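Participant: Could you have a look at this structure, given as structure tokens, before my questions?
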Amino acid sequence: MTMFEKYPDIVSVNDVCNMTTLCKTSVYNLLRKGEIAHVRVGTKYIIPRDKVVDWITVKCGTIETVTNSKLQNNVTERGC
């Protein structure tokens, strides 16, 4: 079982917040910058779970080595 199997294939902004421990403002900023691949339909973000995992992997290394402390460091660096 991988770390994020409990989440659906398409996740919400709130799901991304829970997955990464980032605040909503940081997640919206990442989406606006295109750092996490997504599709926007009107005001809704369609975010594939795999793209969140890809972003974490790029930022922190393989998903198996990601720890809450690494994710917490990202939160601190972003000021949330």
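The values are calculated or read from the model by the stated rules, or taken from the named source; none is laboratory data. Here the structure is a predicted model, which means the values were calculated and not measured. Positions of Cβ are generated from backbone atoms using ideal geometry, with glycine treated the same way; all protein chains shown enter the neighbour counts.
Participant: Output the residue which, of all residues in segment 41-56 that are outside any helix (DSSP H, G or I) and within 12 Å of the chain's Cα centre (by Cα), is nearest to residue 17 (Cα to Cα). Can you show your working first?
Facilitator: Initially, segment 41-56 is screened for residues outside any helix (DSSP H, G or I), giving 41-48.
Applying the additional criterion that residues be within 12 Å of the chain's Cα centre (by Cα) yields 47-48.
Details: 47: 12, 48: 14 Å.
So, considering only residues that are outside any helix (DSSP H, G or I) and within 12 Å of the chain's Cα centre (by Cα), the one nearest to residue 17 (Cα to Cα) is 47.
Participant: While we're on this one: List, please: which pairs have Cβ atoms under 7 Å, are six or more places apart or on different chains, and start with a residue in segment 6-30 that is aliphatic (A, V, I, L, M) and end with one that is exposed (fewer than 14 other Cβ atoms within 10 Å of the Cβ) and not in a loop (DSSP other than H, G, I, E, B)?
Facilitator: From segment 6-30, the pairs are 10/46; 13/24.
Participant: Another one. Only one of (1) of a type in the set (Phe, Trp, Tyr); (2) at pLDDT below 95; (3) assigned to a helix (DSSP H, G or I) fails for residue 4. Which number is that?
Facilitator: Answer for residue 4: the failing condition is (3).
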